[in-house]
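Participant: Provided herewith is a single structure, encoded as structure tokens, for subsequent inquiry.
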Amino acid sequence: MIELAVASGKGGVGKSTITASILVELLKYGRNLIAVDADADAPNLHLIINVNRWIKEEKYYGSSLAEIDSLKCIRCGACMDICPFDAIYRRNNEYIINQIVCEGCLACKLVCPVEDAIIRRSVDAGVIKVGETKYGFPIISALLNPGRPNTGKLVTREREIAKELVKKDTIIIIDSAAGIGCQVVASLVGVDIVILVAEPTPTSFSDLKRIHRLTKHFMQPTCLIINKYDINMPVTNEILSYAKQNNMYLLGMIPYDEAIPKSIVLTKPVIEQYPDSKASKELKEIAREVNSILDNLNDWLSKYKPKKPEPYKPIIIKPK
Amino acid sequence: MKIAFAVETGEDLNAIVSSRFGRAAKFIVVEIEDEKVVNIKAVENPGSKVASGAAIKAIQSLINEKVDIVVAGAFGPNALSALEGAHIKHVTISGKPIKEALKEVIEK
């Protein structure tokens, strides 16, 4: 089993579009595939790669929230005073916790003088689903309820489900969320190869460098795809020289091509809908590169896996 | 000295070291004296159950167990900072049984 993650830092640069086409093309090389959509806030990989039917669904419980048992509550108000989020209010001589504002820190439970008057309740935060795509390989996707954050816990569970479905020589491709937060860390950790997608804009380049700090932290070999490379050559050149300095492997550069937005409208991988378009030709080249990396993985890793970790340590401000 | 190994399944020295730290299912805490194993204990990792801040929860449980060194496949940015604060050393090894990883750690 080999795990690949597609990430970008910045959103909307083409992660899912590129992932869908790589998946469909790798299938032609006879690869066993599993797709994981790790962007549960805005999941849409399943739309592009056409899920025939959902075969399994499990509930996902996020962080726990506090709830007051009004029969046990002695109305002392200690919980309302301590709540750092002002989530507890009083109505008709009853203390009530606003379930949307509550962060689940349980400070209220610590100060409550009555045993079990405040209970910890898991929140039904969404569902994780396993789908069968029209290409035959499975996809693990998730849908969050409004206001419930995507979490590392959710992504970790999606990856676990993927591993339960692994057959011989399976390639798992994880379509990460944007950003460099908890859920992205959980998408990257332990992954064999990371593919970073950037577009030639200063914002995308800035976010590329931020997420690259994470892959260097995890000592992961990192590939680069520049999407719409020809819309801004000066920044494309800057990204290329950054990639070269940092031993990133350039998988390919996709030209701006209207075939891509058209295929998104039709919810089809561009490679399938417009196989002769400029973008599809480059995507086929990219998939061929990925396939040959997988064929000669150890050689490739010896060249591109960072030898030394570069820890990305957040600055923690200590209390005085 | 106590060394904790992040694992997903297994309770003994044949358990495989996990590729992740904060969200690993449990830790096998191995106590050694004069390079010999004197005690083995499995500890559930509370980090595997929380939505966020997994590594911090995991490290609190290692502090409670008075662990000196922790072994896992990868440590995230928050994990590194907190381990430093807790004066727990970390060693990056994954995919090997604990008994092999233990040898490497002792040699280091």
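Just so it is clear, none of the values below were taken in a lab; they were calculated from the coordinates. Bear in mind the structure is a predicted one, so any value in this text is a computation, not a measurement. In this analysis, Cβ positions are derived from the backbone assuming ideal geometry, glycine residues included, and neighbour counts consider all displayed protein chains.
Participant: Give a residue-ordered list of calculated ³J(HN,Hα) values for region A:190-195 (Karplus: 6.51 cos²θ - 1.76 cosθ + 1.60, θ = phi - 60°; whole Hz; x for Gly, Pro).
Facilitator: x, 6, 6, 9, 10, 10
Participant: Convert each backbone phi in region A:221-237 into a coupling constant with the Karplus relation 6.51 cos²θ - 1.76 cosθ + 1.60 (shift: θ = phi - 60°), then list the ³J(HN,Hα) values in order as whole Hz, x for Gly and Pro.
Facilitator: Using θ = phi - 60°, the values come out as x, 10, 9, 10, 10, 9, 8, 6, 4, 8, 7, 7, 4, x, 6, 4, 5 Hz.
Participant: If you count, for every residue in B:18-24, the Cβ atoms of partner chains within 10 Å of its Cβ, what is the mean?
Facilitator: Neighbouring Cβ atoms belonging to other protein chains average 5 per residue here.
Participant: Further question on the same structure: At a Förster distance of 35 Å, what's the computed FRET efficiency of A:R121 paired with B:L13, Cβ-Cβ distance as r, to 0.05?
Facilitator: Once rounded, the FRET efficiency stands at 0.35.
Participant: In the Gaussian network model of chain A, springs joining C-alpha atoms below 10 Å, which of A:V189, A:V13, A:V36 carries the largest mean-square fluctuation?
Facilitator: Maximum fluctuation in the GNM of chain A, among the listed residues, is at A:V189.
Participant: Right, another one. Kindly identify region A:281-320 as rounded, prolate or oblate by the Cα gyration tensor criterion: order the square roots of the eigenvalues as a ≥ b ≥ c, call it rounded if a/c is under 1.5, otherwise compare a/b with b/c, prolate if a/b is larger, else oblate.
Facilitator: It is oblate, given that a/c is not under 1.5 and a/b is not larger than b/c.
Participant: For region A:234-304, list log₁₀ I(q)/I(0) at each q in 0.22 Å⁻¹, using the Debye formula over Cα point scatterers of equal strength and ignoring solvent, two decimals each.
Facilitator: -0.97
Participant: Quick one: which of B:34-47, A:244-257, A:76-89, A:148-161 comes out on top by average Cβ neighbours within 10 Å, and what's the full order, highest first?
Facilitator: So the order, starting with the most tightly packed, is A:148-161, A:244-257, A:76-89, B:34-47.
Participant: Now for a separate question. Averaged over peptide B:79-86, how many Cβ atoms belonging to another chain are found within 10 Å of each residue's Cβ?
Facilitator: Averaged over the peptide's residues, the number is 3.
Participant: Give the residues of region A:134-170 whose amide nitrogen is closer than 17 Å to a point set 7 Å from the Cα of A:R53 in the direction of its Cβ.
Facilitator: A:134-139
Participant: Taking square-rooted eigenvalues a ≥ b ≥ c of the alpha carbon gyration tensor, is chain B rounded, prolate or oblate, where a/c under 1.5 means rounded and, failing that, a/b exceeding b/c means prolate?
Facilitator: Note, shape of chain B comes out prolate.
Participant: Set the Förster distance to 22 Å, then compute FRET efficiency between A:Y304 and A:K209 from the Cβ-Cβ distance, nearest 0.05.
Facilitator: Computed FRET efficiency for A:Y304 and A:K209: 0.80.
Participant: A follow-up question, please. Nearest 5 is fine: what % of DSSP beta bridges in chain A come out antiparallel, could you say?
Facilitator: In chain A, approximately 50 percent of DSSP beta bridges are antiparallel ones.
Participant: Just report the Cα centroid separation between region A:244-267 and region A:118-162, whole Å.
Facilitator: 28 Å
Participant: Please label the shape of the protein assembly as shown as rounded, prolate or oblate, based on the square roots a ≥ b ≥ c of the eigenvalues of the alpha-carbon gyration tensor (a/c under 1.5 means rounded; beyond that, a/b larger than b/c means prolate, else oblate).
Facilitator: Judged from the Cα gyration tensor, the protein assembly as shown comes out oblate (a/c at least 1.5, b/c at or above a/b).
Participant: Can you give the FRET efficiency for B:E65 and A:E132, using 1/(1 + (r/R0)^6), R0 = 45 Å, r = Cβ-Cβ distance, to the nearest 0.05?
Facilitator: 0.55
Participant: Shifting gears a bit: Please give the Cα centre distance for region A:73-87 versus region A:22-42, rounded to the nearest Å.
Facilitator: Between the Cα centre of region A:73-87 and that of region A:22-42, the gap is 48 Å.
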